[in-house]
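Worksheet: one structure, shown below.
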Amino acid sequence: MRYLFLFIFFGCVQTAMYAQTNPCFDDRLQSGLSAFNEKDYNQATKHWQAALDNCEPNSEQRQKLNDYISQAKNALNNNTSTPSTTTHYSFEPEMVEVKGGTFQMGSNEGGKNEKPVHGVTLSDYYIGKFEVTQKQWREVRDSDPPNLNFTGCDDCPVESVSWEEVQTYLQQLSTKTGKKYRLPTEAEWEFAAIGGNSSNNYTYSGSNNIDDVAWYKTNSDSKTHTVGGKQANKLGIYDMTGNVWEWCSDWYDENYYTNSPSQNPKGASSGTYRTFRGGSWSSSYSVCRVACRGRYVPFNRYSSLGFRVALSSK
């Protein structure tokens, strides 16, 4: 088993990873969705039928196209305004709806980058109930990450994936499902971690007792564990404390909280590092607090760093 014991803010040289794709299918699928959203149902059907006839789709892609063609034909009769994206595929992460609200982001107990505590208001969104697993990654990307440390555990969180590699996963997942998956912002991550509008202001996600909710340095046996093995938080979300750190979408800025927008903040406009949150199997309890902020270069991997997905509410 390979371990990558590096200081958390630094890392090794990126190794590129490419998964097999079907550009013909992807192009026709997206063209059809664009036409459908413009209510040009005949043109949408033509794009999707062309994908069936000319792009050699696999069985899963063929099923998706047939479903969308059926929706387009129904829309011609029923004037449906948007295609249904409620179909759930086996490789899709399970999502939890987070109702928007206002909360106090940050902490006076942590470092400079957690201050000042400031009010943030978020719109509704969805976030993964669990961290993305090795199996879910493999079903979308066709192979494990090349530097995966804890191999052979389908339901353990995927780790050793760079922020940039995660973007490729999200693009491919979105293409396969017709949904716009992304990483949560730091603000969305922290709001979900504290329990949203049902927050009890716990130190960790779901409890003030870290052993109830997290795999961390003291109890992890130096490895990741199956997702959902600890107590969920108030929203029914698991492992937001411990197991693996989780990438967020934001560029990192140590002083961002001093001038953060109050409505749906998305982080700095540019930077050197991307943010991550939550602590991991190798973390001490002090950095597993929900307000703790981490940073890492987006093209490097780390053996205790994974992610969960998010979706904007329509």
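Every residue, every condition in (1) over 22 Å from C156 (Cα atoms); (2) of a type in the set (V, I, T); (3) modelled with pLDDT of 95 or more, yes or no:
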residue: K223; (1), (2), (3): no, no, yes
residue: V227; (1), (2), (3): no, yes, yes
residue: Y238; (1), (2), (3): no, no, yes
residue: W247; (1), (2), (3): no, no, yes
residue: W251; (1), (2), (3): yes, no, yes
residue: E254; (1), (2), (3): yes, no, yes
residue: S270; (1), (2), (3): yes, no, yes
residue: F276; (1), (2), (3): no, no, yes
residue: S280; (1), (2), (3): no, no, yes
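The residue list G278, G236, G267 contains one member that is at positive phi, surrounded by fewer than 22 Cβ atoms within 10 Å (Cβ to Cβ) and either touching an Asp or Glu at 6+ places or on another chain (Cβ under 8 Å) or among the aromatic types (F, W, Y) (or both), which is G267.
Condition check for T175 on (1) polar (S, T, N, Q); (2) at pLDDT 95 or above; (3) crowded, with 18+ Cβ neighbours inside 10 Å; (4) over 19 Å from R274 (Cα atoms): one failure, at (2). Entry remark, region 225-262: residues being over 23 Å from N200 (Cβ atoms), in contact with a helix residue (DSSP H, G or I) (Cβ under 7 Å, 6 or more places away or on another chain) and in a loop (DSSP other than H, G, I, E, B) number 1 in total. From the list G267, G242, G229, the one residue that fits, being within 17 Å of the chain's Cα centre (by Cα) and closer than 24 Å to N149 by Cβ, is G242. Of the residues making up region 300-314, none is hydrophobic (A, V, I, L, M, F, W, C) and either over 18 Å from R182 (Cα atoms) or over 15 Å from the mean Cα position of the chain (by Cα) (or both). The residues of region 285-297 that are in a loop (DSSP other than H, G, I, E, B) and either under 24 Å from G206 (Cβ atoms) or hydroxyl-bearing (S, T, Y) (or both), listed by number, are C288, R289, V290, A291, C292.
Name the residue that is modelled with the lowest pLDDT, counting only residues in region 85-102 that are among the polar types (S, T, N, Q), under 27 Å from Q136 (Cα atoms) and surrounded by 13 or more Cβ atoms within 10 Å (Cβ to Cβ). Once the filter is applied, the top-ranked residue is T85. Take region 263-284 and flag every residue that is in a loop (DSSP other than H, G, I, E, B) and closer than 30 Å to S222 by Cα. Residues satisfying the conditions are T272, Y273, G278, G279, S280, W281, S282, S283, S284. Take the conditions out of contact with any Phe, Trp or Tyr (no Cβ under 9 Å at 6 or more places or on another chain), over 17 Å from G294 (Cα atoms) and in contact (Cβ under 8 Å) with a residue 40 or more places away in the chain and apply them to T151. Does it pass? Here the answer is yes, as T151 does meet what is asked. Look at (1) within 13 Å of T226 (Cα to Cα); (2) crowded, with 17+ Cβ neighbours inside 10 Å; (3) hydroxyl-bearing (S, T, Y) and you find that T151 fails only one, number (2). Kindly establish whether S220 is closer than 24 Å to Q136 by Cβ, of a type in the set (S, T, Y) and touching a residue at least 40 places away in the same chain (Cβ under 8 Å). Yes: the conditions hold for S220.
The values are calculated or read from the model by the stated rules, or taken from the named source; none is laboratory data. All figures in this text were calculated on a predicted structure; none of them were measured in a lab. Cβ: placed from backbone, ideal geometry, glycine included. Neighbour counts: every protein chain shown.
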